[in-house]
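Have a look at the structure below, then the notes.
The values are calculated or read from the model by the stated rules, or taken from the named source; none is laboratory data. No experiment lies behind these values; they were computed from the predicted model shown. All Cβ positions, even for glycine, are placed from backbone atoms using ideal geometry, and neighbour counts span all protein chains on display. Quick note on the areas: whole protein, heavy atoms, side chains included, nothing else; ligands and nucleic acids left out. Shrake-Rupley method; radii C 1.70, N 1.55, O 1.52, S 1.80 Å.
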Amino acid sequence: MKWSRGTYNPPGTDNKQEDNKQTDDANVPASLQHTLDNFKDCTDLIHHTFPEINVNLVYFGHLVGSDELFRDVITPLTNVRENEVQALLTRNQYKLTPDSKSLIKGILNGQAAIFHNDKAYLIDIYKPGSRSIEQSETETVITGPHDSFIETATANLSLIRRRVKSSHLKVIKLEVGEVSKSTVYLLYIDGIANMEYVRELTDRINLIEVDAVYDGNMLIQYIDDSPNSVFPLFSTTERVDTAVSKLVAGRIVGILDGSPSVFAAPSSFFEFMASPDDYYQRWSTGTAIRVLRFIALIITLTFTALYVSVTTYHYEMIPEALLLTITESRSKVPFPPIYEALLMEITIELLREAGARLPTKIGQTIGIVGGIVIGQAAVQAGFTSNILIIAVASSAIASFVIPSYVMSASIRLIRFGLIIMAGILGDLGIALGIAYLVVHLSGLTSLNSSYLTPVSPNNFNDWRDVFIRAPFWALTRRPTQSRSPNAVRNRMRK
């Protein structure tokens, strides 16, 4: 297995001291003074006292819901007598917590701690502020649902449960980050998902040793089979319907608290070329659009590289009428085609990055006006030719057709390598570069499953939802890559 766990070793022995402190807390009885000492200098900690009934209340105000706090804690404690407090705390919502480690962890997780007669109780009233459920800005669709995930994991779980009303939907709760203690939920459908993948993914997350993980896209880099590959090995999405379709197909979905992106595994290269729009339109329309995406993939990879190759080494490939136009266009350009192409590609990437970082309205203006002005000025100044502007613009537009942003970014990076190979070896360089990509892709795995499934290993039945989008009556089989062995055997018996 090529995968290795992610580790982080800060200087000194801070992590060891932290581990030793947590171990000591596990052996220390829960008490008010010890809790307050642990949260010393935490000005956002709220400490309420009820001296008439000998009760202390400790919680973080920004992590709990105000309505829940008054309904389940403040009001009952205000209306109870001292001899009735113990009976009140025996209710199910109040959990007796004997050790200090569990108590402190509960407070940090948004629970309120109640201290009475040297005993500590926790009540879950976690309800932090969060943004409302809105449409995803990075995965827009024309038809279909428009709700997307937010940064609250419990809200994301509810969005999925709302669509998958089945007791077979299982949820595993894990924790990652020595300092952040971020919660990770792994979801799968029992009887459909392959349990070997569930165990493998669980083990990998448990082996992560880092101080903090902030986003799902960051988490998957620690559990990749090939961390040094430019290609994304786990698919990510902010769309609820996409995550549900992954679950029903037998894949595992991971939700990290604090991240609006969920990840799914195992994944294949061809998943990144599919869009939810494919399934919300007629199958013929969806198929045509998907074929168009594969054409766009070829264009964005090779168009600029072919320009460099042909204008440098292979003029005989150009029709005579077009050759005169290209010769005239390049007559004032002082640079070889490879430098010319790299200059314009880098300029396009600068405009793309500037447009992404600026406010939306300004970014659109910079992208459109900047591209037109710089392109026209570069041609008039003799830095580049009109034909190259067309090639670079076509490659940039084609890259936007790829639905997945992370895959589009990987393809754009690979394009620079093909341009350099074309400038050095011509068409042979492009052929060698593409051959290397095919070999590299063939060796990649996602959760030890082939990244090029169902092409390698070949499973022709799964092709009905790869290069085309077959009618729904033909899409009755779940993908072989993620299907449970039990499901395969049951189908064979039938």
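Points worth noting:
To keep it simple, each residue is scored yes or no on (1) of a type outside the set (S, T, N, Q); (2) modelled with pLDDT of 75 or more; (3) closer than 26 Å to LEU323 by Cβ.
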position: ARG352; (1), (2), (3): yes, yes, no
position: GLY355; (1), (2), (3): yes, yes, no
position: ILE362; (1), (2), (3): yes, no, no
position: GLY375; (1), (2), (3): yes, no, yes
position: SER394; (1), (2), (3): no, yes, yes
position: ILE414; (1), (2), (3): yes, yes, no
position: GLY417; (1), (2), (3): yes, yes, no
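- Selection status of THR445, of a type in the set (Val, Ile, Thr) and at pLDDT 90 or above: yes
- Taken as a whole, the structure leaves HIS62 outside the set of residues that are modelled with pLDDT of 90 or more, open to solvent by 20 Å² or more (accessible area, probe 1.4 Å) and either not β-branched (Val, Ile, Thr) or not assigned by TED's automatic domain parsing to the domain that holds GLY110 (or both).
- Residues of the range 273-288 classified as of a type outside the set (S, T, N, Q), surrounded by fewer than 17 Cβ atoms within 10 Å (Cβ to Cβ) and not in a loop (DSSP other than H, G, I, E, B), total: 2
- Test for LEU437: is it open to solvent by 30 Å² or more (accessible area, probe 1.4 Å), out of contact with any Ser or Thr (no Cβ under 8 Å at 6 or more places or on another chain) and not in a strand (DSSP E or B): no
- Residue check, SER404 more than 26 Å from the chain's Cα centre (by Cα) and either open to solvent by less than 40 Å² (accessible area, probe 1.4 Å) or of a type in the set (Asp, Glu) (or both): no
- All strands (runs of 3 or more DSSP E) inside the range 72-188 with 3 or more residues being under 30 Å from LEU247 (Cβ atoms), of a type in the set (A, V, I, L, M, F, W, C) and open to solvent by less than 80 Å² (accessible area, probe 1.4 Å): 169-176
- When the range 60-82 is filtered for residues that are under 24 Å from PRO29 (Cα atoms) and free of Cβ contacts under 8 Å to residues at least 40 places away in the same chain, the ones remaining, listed by number, are LEU77, GLU82.
- Candidates THR325, THR311, THR347 - the one that is in contact with a Lys or Arg (Cβ under 9 Å, 6 or more places away or on another chain), touching a residue at least 24 places away in the same chain (Cβ under 8 Å) and not acidic (Asp, Glu): THR311
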